[in-house]
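The values are calculated or read from the model by the stated rules, or taken from the named source; none is laboratory data. Since this is a predicted model, take the numbers as computed values, not measurements. Every residue, glycine among them, receives a Cβ derived from its backbone with ideal geometry; neighbour counts consider all protein chains shown.
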Amino acid sequence: MSDLKINREKVVFINLTEMDDYNGLEANLKGGGSFIAQHGYGHEIFNFQNDNRMCYGYTPPFGKLNLSRISKEISHNELGKYIDDVFVVFTCSREGVGRIICGFYQHARVYAENVNDKRSTRKIEIAGNEVFAEYNIICYTADAILIDRIDRRKVLPHSSRNNGVGHGQQSVWYVETWFDVF
């Protein structure tokens, strides 16, 4: 892991299905909504897989982010619109506890929409069909931090109980100011 240097100007919280490793299909999925319940997986299953020294993360549902809520410095390449140097905080919901932090990407490139570059390492077989697990966030594995499931204890404020600050019902929380976080 590189030195933890958070860019406090570009922060987004993204809620995932709770998994142990986010490194492929797992049997112990918790939460995640109707897609997970119906299909038994989510596209975030590879969020912390080392793929040639990179991690490719997914934002449920549908892999879309409103980049202008993160920064006005929006760039574009062949894969789409993006912002660099974003601090991404991944959360998951734990029954009886609330939303907890499960991992981080620092210095991430965040795309507005899903990227489907047919990367073979993100293909999975489900019920005899090949599925591509799309992504919209990229960072070096050295900048990705996954908290062990038993060590995930930091509960985040819920906006309805914290003057509108914190995670609401949406899977994405765009932090307006760093003071909104804690």
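Structural remarks
- Top-ranked residue in segment 106-115 [being under 24 Å from Asp20 (Cα atoms) and touching a helix residue (DSSP H, G or I) at 6+ places or on another chain (Cβ under 6 Å); ranked as surrounded by the fewest Cβ atoms within 10 Å (Cβ to Cβ)]: His107
- Of everything in segment 2-52 that is on the phi > 0 side of the Ramachandran plot and in contact with a helix residue (DSSP H, G or I) (Cβ under 9 Å, 6 or more places away or on another chain), the residue that is modelled with the highest pLDDT is Asn52.
- Positions within segment 93-113 being more than 25 Å from Glu9 (Cβ to Cβ) and touching a residue at least 40 places away in the same chain (Cβ under 8 Å), in sequence order: Ser93, Arg94, Glu95, Val97, Gly98
- Of all the listed residues (Lys64, Lys10), the sole one being under 15 Å from Tyr135 (Cβ atoms) and of a type in the set (D, E, K, R) is Lys64.
- Matching option when the condition is β-branched (Val, Ile, Thr), modelled with pLDDT of 90 or more and more than 24 Å from Ala112 (Cβ to Cβ), among Ile147, Ile137: Ile147
- Every residue from segment 116-125 that is surrounded by fewer than 20 Cβ atoms within 10 Å (Cβ to Cβ) and either polar (S, T, N, Q) or under 17 Å from the mean Cα position of the chain (by Cα) (or both): Asn116, Ser120, Thr121
- Identity of the residue in segment 114-134, at pLDDT 85 or above, outside any helix (DSSP H, G or I) and polar (S, T, N, Q), that ends up nearest to Glu44 (Cα to Cα): Asn114
- Of all the listed residues (Ser75, Ser93, Ser120, Ser68), the sole one being among the hydroxyl-bearing types (Ser, Thr, Tyr) and within 17 Å of Asp51 (Cα to Cα) is Ser120.
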